[in-house]
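Okay, structure first, notes after.
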Amino acid sequence: MARKYSYEFKKYLVTVLENGIMSASELSRHCKIHKGVICNIYNRYKHSGESSLHHIFTRNEYSRAFKLNVLTYKASNNLSYEQTALHFNIPSASVIYDWHKFCCNYNGDNMSYKSPNNKHLHFVYEKKHLLL
């Protein structure tokens, strides 16, 4: 389960990094949180400013069309997962990675699932409640 950090704590992290008091690694050890969390908070701050420190992400459901749009944008602009997440205001780059991984398991127009033993299982998205 993801932790939610207060505005004040996020501001503290950004201030320490901006002023060069500690590196992200040192801050990670000091605060006992993963370095990736600190870098995500800092990158969002650099991209969106102070307003990003106030925002608390909630669990979102994205349409299949939106997911395909995000993946297409990422590929056509040769962006990293993190850059794409920042551009579309998606809380975590791993969400986009999961979408990409899921799409790679499908081939052809019928979107048949490519199982690990290479047998194809055909199904209808709506019946299985899969959005992408």
Using the Karplus curve 6.51 cos²θ - 1.76 cosθ + 1.60 with θ = phi - 60°, work out ³J(HN,Hα) for each residue of the range 13-19 in order, rounded to whole Hz, and write x for Gly and Pro.
4, 5, 4, 4, 5, 4, 8
Where N is the number of residues in the range 3-107, Cα Rg divided by 2.2 N^0.38 Å:
1.20
For the range 7-54 the mean separation of alpha carbon contacts under 8 Å (6+ apart) over residue count, i.e. relative contact order in percent, is 39 percent
Could you go through the range 27-43 in sequence order and give the Karplus-derived ³J(HN,Hα) for each residue, using 6.51 cos²θ - 1.76 cosθ + 1.60 with θ = phi - 60°, rounded to whole Hz, and x for Gly and Pro?
5, 4, 5, 5, 8, 6, 10, 5, 4, x, 5, 4, 5, 4, 4, 5, 5
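Values in this text are rule-based calculations from the coordinates and carry no lab data. Quantities reported herein were computed from a predicted structural model and do not represent experimental measurements.
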